[in-house]
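The values are calculated or read from the model by the stated rules, or taken from the named source; none is laboratory data. Small disclaimer: the values here were computed from a predicted structure and weren't measured. No Cβ is skipped: glycine too gets one built from the backbone with ideal geometry, and neighbour counts run over all protein chains shown.
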Amino acid sequence: MDLAGKRGLVVGIANEHSIATGCATMFRAAGAELALTYLNDKAEPYVRPVAEALNATLLLPCDVRVPGQLESVFERIAQEWGQLDFLLHSIAFAPSDALHASLVDCSADGFALAMDVSCHSFIRMARFALPLMSDGGSLMTVSFYGAERAVEHYNVMGPVKAALESSVRYLAADLAAHRIHVHAISAGAVKTRAASGIDHFDALLDDVRAHTPARHLVTIEEIGRIAAVLASDAGMTLTGSTIYADAGFHVTA
């Protein structure tokens, strides 16, 4: 997991407990230089301490719903670095009324917004990263088991994550000639700020723990180690796959 000399962008840190934080921590431990983003002014005080602890070179605002903000992030990276070796996309959002409704009751607008923020933003990032990855690179996004099985209370995020995982496969095929590898990390259930928005999430955690072979939940650092491998040269033989970082939960009945 040697990332010395590599530069990476991490999008999706909300606070120190985020999956993206665990990944960024492992990237930095392996020697990478990092650029991090925060959602807005309200989120910055929670993200800045993480950036300082990791000695991040750049800390930039990025709300993919705001026209021009994502473009500005990549413009700044182009100005400061001129290259990018890896990218982690760890953002997801659905309006409350869409997230808490059964899928059959999800509005078209709610579905479209969830798809735009949680899935299409990864495609946009791939497009902006392409000219910065002239020597190849790695694109990673974070998914969940609800993409392939109906998980109670996951609702609209299930189809959205399924689309995200499918996008990984198509991007892997599109970008193979550029030596850019694309991965989805299907993370085990972790108690993060984002996950707390799912109804009865504590019950979901208990169920996942009970059905995981070792009867324990994964940590953000354990997920991060998988991300670090995928960002390194060791991960370059893999592309287009969904990699499970869930302590084996997905193999149980």
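Please specify each residue of the range 228-250 satisfying the condition of being closer than 19 Å to Ala24 by Cβ and either in a loop (DSSP other than H, G, I, E, B) or under 16 Å from the mean Cα position of the chain (by Cα) (or both).
Passing the criteria: Ala228, Val229, Leu230, Ala231, Ser232, Ile243, Ala245.
Only one of Leu139, Leu164 is under 12 Å from Leu84 (Cβ atoms) and under 14 Å from the mean Cα position of the chain (by Cα). Can you tell me which?
Testing whether each residue is under 12 Å from Leu84 (Cβ atoms) and under 14 Å from the mean Cα position of the chain (by Cα) leaves just Leu139.
Limited to the range 222-253, what total is found for residues that are loosely packed, with under 15 Cβ neighbours inside 10 Å and either of a type in the set (D, E, K, R) or closer than 26 Å to Glu16 by Cα (or both)?
Total meeting the criteria: 2.
Of (1) under 30 Å from Gly31 (Cβ atoms); (2) free of Cβ contacts under 8 Å to residues at least 60 places away in the same chain; (3) in contact with a Cys (Cβ under 6 Å, 6 or more places away or on another chain), Pro131 satisfies all except one. Which?
(3)
Please verify whether the range 43-50 includes one or more residues that are touching a residue at least 40 places away in the same chain (Cβ under 8 Å) and under 25 Å from Glu75 (Cβ atoms).
no
Could you identify the single residue in Ala173, Ala253, Ala184 that is over 25 Å from Ala30 (Cβ atoms) and modelled with pLDDT of 95 or more?
None of the other options fit; the residue is Ala173.
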